[in-house]
Amino acid sequence: MSAPKVTALAQGSPAAVAGFRVGDELVSVNGEQPRDVIEYQQLVDAARLDVVVRRPGDELDRRIRVDKQAGQALGLEVSAAVFDRVRTCDNHCAFCFIYQLPKGMRRSLYLKDDDYRLSFLYGNFTTLTRFTELDAERVITERLGPLFVSIHATDPAVRAAMLRNPRGATSLRWLSVLLDAGIEVHGQVVVCPGVNDGAVLEDTMLGILDRYAGLATVGVVPLGLSRFSNEPDMRPHTTEEARSVLSTVTEYQELCSSTLGRRLVFASDEYYLMAGEPFPTADAYEGYPQHENGIGMVRAFGEAFEGDATAAHGVRPGFFAWVDGAPADGYRAPRSISSPPPRDGAPITVLTGTFGAPVLGPLLAGRGDRVRVLAVENRFFGGTIGVAGLLTAADLARTLAGEPDDHRYLLPDACLSKGVFLDGGTLDDLPRPVEVVAADGLSLRRRLDGTDATTTGRCAVGAT
Ligand code: SF4
């Protein structure tokens, strides 16, 4: 187990006043060694802290005592969310996107986690195949919800085959335990055509209604396929298959509405694009509980663009909102990027992925010739990948090289994490100056209207 390492200190905070420094390792807090940032937070919530600190260069550990109010933020940022080891996934799903990444990307992108703590902290999906009695006890005692569980199929044999793990047949028993204990859980079904669509999807919907109706929501999403997939049975949906999935989801939404008083299941935006069918109305998303998973993003984006400042910006982050020590890494990381100053009066080109273009086109149509949408083909990943969040510097550079240099180019920040694209490139690698805009409708509208020059935002991978 590694000790939490201090990466930042809030000015004037109890931690700063008490004498902590960046680089300090927290050996123990009130005599205990936290396993993860959840335990860390619970410990540092106390009014009186006795922290054993290992400082680089010191021969001996030192003690730092803090007196503050119970529940008051300590003001430390620590280096990781989990201080023992992240529980890795022992499944081998044919549709796993991590297997479909090219070689040479950032190491952290290849980590297959199946850790309920990361589900709680970041909204990662877990299959529960490595979940234990002790985990259940902790989740229930500490009320660690919402959690996000991959279901895929409720038929044990189909689920085990999809996860390529015999425990896939039985691990949903933990879902029942969590739901019975009143833990909020959101589910997901990744649909692979020919595997768990059609009659299997119908059976899964029935199984959910029958055994897991306590789920808060269930997202139905298509598999993502990059050109690096080497699974012969994995293929994109046909238009007819996408329509069939939508028809099943709609059928069960109606059934759930009449029996549970809520829709429970929701299809991802990609299905409506693939099927060429209109998106549901805003109220049909019932508050956009799976917005960050690509469900309702298009509708919320449009609503925000038309001026609804309350349109959704993601799942409720739960505990994450109050874990002041949790590192904001991954797709929740704030994206602070400096952009070139806007050039007044220049034509504006809004860059997006091939999925975003048909959505943004109609929204921007009323703005005349001065504003246009430019779809950037994702050749880096290839396959079915068309969301803006997975655009890379290489694809943007290739596209921009053929574009006029007197335009303003707007880019959604969803494709950047701390200023770096997925392929490791940065804005400096692009042949044209690019303005980064938060990937929500309100921010884009304000930028087009010239009423907002901010370049910082929070958004999700997959935004239009
Ligand atoms: S459970 Fe998730 S991380 Fe693990 S193999 Fe399947 S898709 Fe990949």
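Counting just the residues of the stretch 398-419 that are small (Gly, Ala, Ser) and not in a loop (DSSP other than H, G, I, E, B), which one comes out farthest from Val373 (Cα to Cα)? Please lay out each step first, then the result.
Pass one, the stretch 398-419, residues small (Gly, Ala, Ser): 401-402, 414, 417, 419.
Filter again for not in a loop (DSSP other than H, G, I, E, B), leaving 401, 414, 417.
Numbers: Ala401: 16, Ala414: 17, Ser417: 23 Å.
Checking each candidate, the answer is Ser417.
Just need a number here: residues in the stretch 161-175 that are of a type in the set (S, T, N, Q), more than 9 Å from the ligand (Cβ to nearest atom) and more than 24 Å from the chain's Cα centre (by Cα). Reasoning before the result, please.
From the stretch 161-175, those of a type in the set (S, T, N, Q) are 165, 170-171; that's our starting set.
Imposing the further condition that a residue be more than 9 Å from the ligand (Cβ to nearest atom) reduces the set to 170-171.
Then drop every residue that is not more than 24 Å from the chain's Cα centre (by Cα), which leaves 170.
Result for the stretch 161-175: 1.
Let me spell it out: the conditions are (1) closer than 24 Å to Glu292 by Cα; (2) part of a loop (DSSP other than H, G, I, E, B), and Val350 meets all of them except one. Which number is the exception?
It fails just one condition, (2).
Just a yes or no: is a residue in the stretch 15-26 within 26 Å of Arg138 (Cβ to Cβ) and surrounded by 14 or more Cβ atoms within 10 Å (Cβ to Cβ)? First the steps, then the outcome.
Step one: filter the stretch 15-26 for residues within 26 Å of Arg138 (Cβ to Cβ), giving 25-26.
From what's left, surrounded by 14 or more Cβ atoms within 10 Å (Cβ to Cβ): 25-26.
Within the stretch 15-26, one or more residues are within 26 Å of Arg138 (Cβ to Cβ) and surrounded by 14 or more Cβ atoms within 10 Å (Cβ to Cβ).
Which of the residues belonging to the stretch 144-163 are in a helix (DSSP H, G or I) and under 17 Å from Phe131 (Cα atoms)? Full working, then the answer.
Applying the first criterion (in a helix (DSSP H, G or I)) to the stretch 144-163 yields 156-163.
Within the stretch 144-163, Pro156, Arg159, Ala160, Leu163 qualify.
Would you mind stating whether Val221 is within 16 Å of the ligand (Cβ to nearest atom) and either touching a Ser or Thr at 6+ places or on another chain (Cβ under 6 Å) or assigned to a loop (DSSP other than H, G, I, E, B) (or both)?
Working: within 16 Å of the ligand (Cβ to nearest atom): yes; either touching a Ser or Thr at 6+ places or on another chain (Cβ under 6 Å) or assigned to a loop (DSSP other than H, G, I, E, B) (or both): yes.
Against the criterion (within 16 Å of the ligand (Cβ to nearest atom) and either touching a Ser or Thr at 6+ places or on another chain (Cβ under 6 Å) or assigned to a loop (DSSP other than H, G, I, E, B) (or both)), Val221 qualifies.
Is there a residue in the stretch 140-148 that is within 13 Å of the ligand (Cβ to nearest atom), hydrophobic (A, V, I, L, M, F, W, C) and touching a Gly at 6+ places or on another chain (Cβ under 6 Å)? Break it down into steps so the answer makes sense when it comes.
In the first step, residues of the stretch 140-148 are kept if they are within 13 Å of the ligand (Cβ to nearest atom); the result is 148.
With hydrophobic (A, V, I, L, M, F, W, C) added as a condition, the list becomes 148.
Now restrict to residues that are touching a Gly at 6+ places or on another chain (Cβ under 6 Å): 148.
Yes; the residues of the stretch 140-148 include at least one that is within 13 Å of the ligand (Cβ to nearest atom), hydrophobic (A, V, I, L, M, F, W, C) and touching a Gly at 6+ places or on another chain (Cβ under 6 Å).
In the stretch 74-96, is there at least one residue being in contact with a Phe, Trp or Tyr (Cβ under 9 Å, 6 or more places away or on another chain), of a type outside the set (D, E, K, R) and open to solvent by 50 Å² or more (accessible area, probe 1.4 Å)?
Kept after step one, since they are in contact with a Phe, Trp or Tyr (Cβ under 9 Å, 6 or more places away or on another chain), are these residues of the stretch 74-96: 74-76, 78, 81, 83, 87, 92-93.
Still in the running and of a type outside the set (D, E, K, R): 74-76, 78, 81, 83, 92-93.
This time we only want the ones that are open to solvent by 50 Å² or more (accessible area, probe 1.4 Å), so: 92.
Yes, there is a match, as at least one residue in the stretch 74-96 is in contact with a Phe, Trp or Tyr (Cβ under 9 Å, 6 or more places away or on another chain), of a type outside the set (D, E, K, R) and open to solvent by 50 Å² or more (accessible area, probe 1.4 Å).
Can you name the residue in the stretch 112-135 that is open to solvent by 20 Å² or more (accessible area, probe 1.4 Å) and touching a Cys at 6+ places or on another chain (Cβ under 9 Å) and is also farthest from the ligand (Cβ to nearest atom) among such residues?
Arg130
Inside the stretch 111-126, can you point out the residues that are in contact with a helix residue (DSSP H, G or I) (Cβ under 6 Å, 6 or more places away or on another chain) and either without any contact (Cβ under 8 Å) to a residue 24 or more places away in the chain or polar (S, T, N, Q) (or both)?
The answer is Asn124, Thr126.
Taking the stretch 93-112 as the region of interest, how many residues are under 17 Å from Asn124 (Cα atoms) and assigned to a loop (DSSP other than H, G, I, E, B)?
Of the residues in that region, 6 qualify.
Go through the stretch 10-63 and give me each residue that's of a type in the set (Asp, Glu), over 23 Å from Arg85 (Cα atoms) and either touching a residue at least 60 places away in the same chain (Cβ under 8 Å) or assigned to a strand (DSSP E or B) (or both).
Answer for the stretch 10-63, where residues must be of a type in the set (Asp, Glu), over 23 Å from Arg85 (Cα atoms) and either touching a residue at least 60 places away in the same chain (Cβ under 8 Å) or assigned to a strand (DSSP E or B) (or both): just Asp50.
The values are calculated or read from the model by the stated rules, or taken from the named source; none is laboratory data. Nothing here was measured: the structure is a model prediction, and the numbers come from that model. No Cβ is skipped: glycine too gets one built from the backbone with ideal geometry, and neighbour counts run over all protein chains shown. Note: areas computed on protein heavy atoms with side chains; ligands, DNA, RNA excluded. Shrake-Rupley method; radii C 1.70, N 1.55, O 1.52, S 1.80 Å.
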